[in-house]
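One structure below.
Every number here is computed from the coordinates shown, using simple stated rules; none is lab data. Small disclaimer: the values here were computed from a predicted structure and weren't measured. Counting neighbours? That spans all protein chains shown, and the Cβs are built from the backbone with ideal geometry, glycine included.
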Amino acid sequence: MSKEPDRIFAQPLAQVPDFVFNEDVVRVFPDMIKRSVPGYPTIVENLGVLAAQFAQPHTALYDLGSSLGAVTQSLRRHVRTDDCRVIAVDNSSAMVERCREYLNAQDSMFQELLPVQVIDGDILSLDFQPASVIALNFTLQFISRDQRLGLLQRIRQALVPGGALILSEKLRFADSQEHDLLTDLHIAFKRANGYSELEIAQKRSAIENVMKPDSLEEHRERLLAAGFSKVVPWFQCLNFASLIALP
Ligand code: GEK
């Protein structure tokens with residue numbers, strides 16, 4: 001994976017454009033996400049471990065909003081269930097191209113990995129195959145709010161008995177004191193990871209129109225409305241959490 005450091009917002013910009021997953025972001029993405037999302041490496045590695053508990057033979061495992069395929073790679077490291085295949089989907093062509101390169105490299109280094117297909121496409125128009133694990137790792141927050149329920153309903157319908165959706169998201173909090181405290185602590189996390197005040201402020205203004213976090217309660221209600229029977233948070237670090245939703 002690229003080790004290039006994220007300096008995208010290091011220089012003052014006259015006007016900060018909305019954030020897009022373009023080639024500049026692709027180049028620094030592993031560094032950017034690790035320094036910006038508290039708990040990201042733990043979530044990704046354990047996503048594979050959890051997935052191995054839910055994977056069912058002869059089904060697909062989806063990595064939706066796969067970026068460079070970190071979750072796909074974790075699924076391939078941990079899932080040993082018969083006749084499973086991974087389907088990674090992202091609508092950033094720059095991400096998909098680099099993701100394919102990384103997965104080819106993984107294929108050439110290790111044998112007997114689950115087969116993987118990387119689709120350059122929109123997860124909102126995906127024709128789901130019967131699936132036992134569907135991962136939405138920090139992707140739902142980029143989908144417009146009015147399309148989130150429909151997507152979760154389609155995911156619920158695709159899941160076979162014994163399967164699970166694993167949903168990781170940045171959270172907002174209804175209680176303003178709690179929200180402000182965790183926001184400040186997240187900024188402290190970014191500062192401790194070497195981001196300057198300027199980088200933090202410019203990234204925030206770039207992302208605020210494109211990434212819309214919900215609260216844990218909103219996620220739970222929407223997942224239940226989509227037909228999931230149980231929602232179990234398994235990880236939280238500051239204002240970032242991951243949930244297991246059972247069909
Ligand atoms: C990881 N899961 O490393 N269809 C397909 N892809 C989309 C869509 C859409 N409608 N909207 C956004 N994306 C990854 C990290 S990043 C999260 C996920 C972040 C894609 C988008 O192109 C990007 O690659 C990804 O979702 C979100 O575990 O950067 O904070």
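Worth pointing out:
- Residue that is farthest from G162 (Cα to Cα) [pool: residues in the range 176-234 that are aliphatic (A, V, I, L, M) and touching a Pro at 6+ places or on another chain (Cβ under 8 Å)]: L198
- Selection count, the range 72-89, where residues are crowded, with 19+ Cβ neighbours inside 10 Å and in contact with a strand residue (DSSP E or B) (Cβ under 7 Å, 6 or more places away or on another chain): 9
- In the range 53-71, residue nearest to L167 (Cα to Cα) [restricted to those that are more than 9 Å from the ligand (Cβ to nearest atom) and surrounded by 17 or more Cβ atoms within 10 Å (Cβ to Cβ)]: Y62
- Scope the range 157-182; condition charged (D, E, K, R) and more than 18 Å from P233 (Cβ to Cβ); matching residues: D180
- Taken over the range 39-53, the criterion of being of a type outside the set (V, I, T), touching a helix residue (DSSP H, G or I) at 6+ places or on another chain (Cβ under 8 Å) and farther than 13 Å from N137 by Cα is satisfied by A52 alone.
- Pair list, Cβ under 6 Å, 6 or more apart: the range 23-45 residue among the aromatic types (F, W, Y), other residue near the ligand (Cβ under 8 Å from one of its atoms) and in a helix (DSSP H, G or I): Y40/I33
- Taking the criterion of being touching a Lys or Arg at 6+ places or on another chain (Cβ under 7 Å) and buried (at least 20 other Cβ atoms within 10 Å of the Cβ), the only residue of the range 149-189 that qualifies is L152.
- Residue match in the range 162-177 (condition: within 12 Å of the ligand (Cβ to nearest atom), within 17 Å of the chain's Cα centre (by Cα) and not in a strand (DSSP E or B)): no
- Some residue of the range 235-246 being more than 22 Å from S66 (Cβ to Cβ) and hydroxyl-bearing (S, T, Y): no
- Residues within the range 118-138 that are hydroxyl-bearing (S, T, Y) and buried (at least 22 other Cβ atoms within 10 Å of the Cβ), tallied: 1
- Pairing residues of the range 130-154 that are touching a residue at least 24 places away in the same chain (Cβ under 8 Å) and more than 9 Å from the ligand (Cβ to nearest atom) with residues that are assigned to a helix (DSSP H, G or I) and of a type in the set (V, I, T), at Cβ distances under 7 Å and at least 6 apart in sequence or on separate chains, gives I134/I155.
- Test: residue in the range 95-104 that is farther than 30 Å from T183 by Cβ, more than 13 Å from the ligand (Cβ to nearest atom), over 19 Å from the mean Cα position of the chain (by Cα) and without any contact (Cβ under 8 Å) to a residue 60 or more places away in the chain: yes
- Filter pass, S92 being loosely packed, with under 14 Cβ neighbours inside 10 Å, within 9 Å of the ligand (Cβ to nearest atom) and of a type in the set (S, T, Y): no
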